[in-house]
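J.: Encoded as structure tokens, here's the structure I'll be asking about.
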Amino acid sequence: MLDLKEHLRHVPDFPKEGIDFIDITTILKDPELFGEAIRQMLAAVADLDFNLIVGIESRGFIMGAPLACAAGVGFVPVRKAGKLPAATVSVTYDLEYGSDTLEIHRDAITPGAKVLIVDDLLATGGTAKANIELVEKLGGEVVGLLFFIELDFLQGREELRDYPLFTIVTI
């Protein structure tokens, strides 16, 4: 199994001073590395029973859509407010510096759907928690959360402790 952590790029002081941005484009541009990332993520949740993947805007789309295709399940995007064309359900949540609103199509999840939520990065867990709320508002069951990278020092895992959580790279 390939160590994907060594292929990530760190961009200091982006998007603002003091932030060490973890750039996954170094993996995405290489078909072998990107394929390995998808294989490792799929293997991590091989024992979960899910029939739908929800991808968190925007890099959750990049990881979630190929995972859904490989797993033979559907994919649903969660977007920022005003980006989806049909009727939506929304949730507003707090950020360190304000708030944000996420939306999902009202008909995207049927009651009883078993949902895996996917994103590229787990930081504080706030965005993932908002996605859980959206899925549950529509009657879906969140059976797990899958992240490519976990920033362990931010303790987002603790915020999501009520759900099975899987990561590939820990920083």
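J.: For region 19-124, which fully contained strands (runs of 3 or more DSSP E) count at least 3 residues that are at pLDDT 95 or above?
T.: 52-56, 74-80, 88-95, 98-105, 114-122
J.: With the requirement that a residue be in a strand (DSSP E or B) and farther than 22 Å from F34 by Cβ, what does region 136-149 give you?
T.: Of everything in region 136-149, those that are in a strand (DSSP E or B) and farther than 22 Å from F34 by Cβ turn out to be E141, V142, V143.
J.: Anything in region 94-137 that is among the β-branched types (V, I, T), touching a residue at least 60 places away in the same chain (Cβ under 8 Å) and within 26 Å of I27 (Cβ to Cβ)? List them, or say none.
T.: Residues satisfying the conditions are V115, I117, V118, T127.
J.: Select, from I19, I62, I24, I56, the only residue that is closer than 18 Å to I171 by Cα and in contact (Cβ under 8 Å) with a residue 40 or more places away in the chain.
T.: I24 is the lone residue from the list that is closer than 18 Å to I171 by Cα and in contact (Cβ under 8 Å) with a residue 40 or more places away in the chain.
J.: Moving on. Within region 121-158, how many residues are closer than 23 Å to V89 by Cα and either aromatic (F, W, Y) or in contact with a Lys or Arg (Cβ under 6 Å, 6 or more places away or on another chain) (or both)?
T.: Qualifying residue count, region 121-158: 2.
J.: Still on this model: Sort out which residues of region 1-18 are closer than 23 Å to G144 by Cβ and outside any loop (DSSP other than H, G, I, E, B), and write them in order of number.
T.: K5, the sole residue that qualifies.
J.: Among the residues of region 76-135, write down those that are in contact with a His (Cβ under 9 Å, 6 or more places away or on another chain) and over 23 Å from I38 (Cβ atoms).
T.: L84, P85, A86, A87, T88, V89 - these are the residues of region 76-135 that are in contact with a His (Cβ under 9 Å, 6 or more places away or on another chain) and over 23 Å from I38 (Cβ atoms).
J.: Also, quick follow-up: In region 132-151, which residue that is closer than 15 Å to V45 by Cβ and not small (G, A, S) is surrounded by the most Cβ atoms within 10 Å (Cβ to Cβ)?
T.: Only one residue fits best here, namely F147.
J.: Determine if region 89-102 includes at least one residue that is exposed (fewer than 14 other Cβ atoms within 10 Å of the Cβ) and over 30 Å from F153 (Cβ atoms).
T.: Scanning region 89-102, I find no residue that is exposed (fewer than 14 other Cβ atoms within 10 Å of the Cβ) and over 30 Å from F153 (Cβ atoms), so the answer is no.
The values are calculated or read from the model by the stated rules, or taken from the named source; none is laboratory data. Source: prediction; values computed, not measured. Positions of Cβ are backbone-derived with ideal geometry, glycine not excepted, and every protein chain shown enters the neighbour counts.
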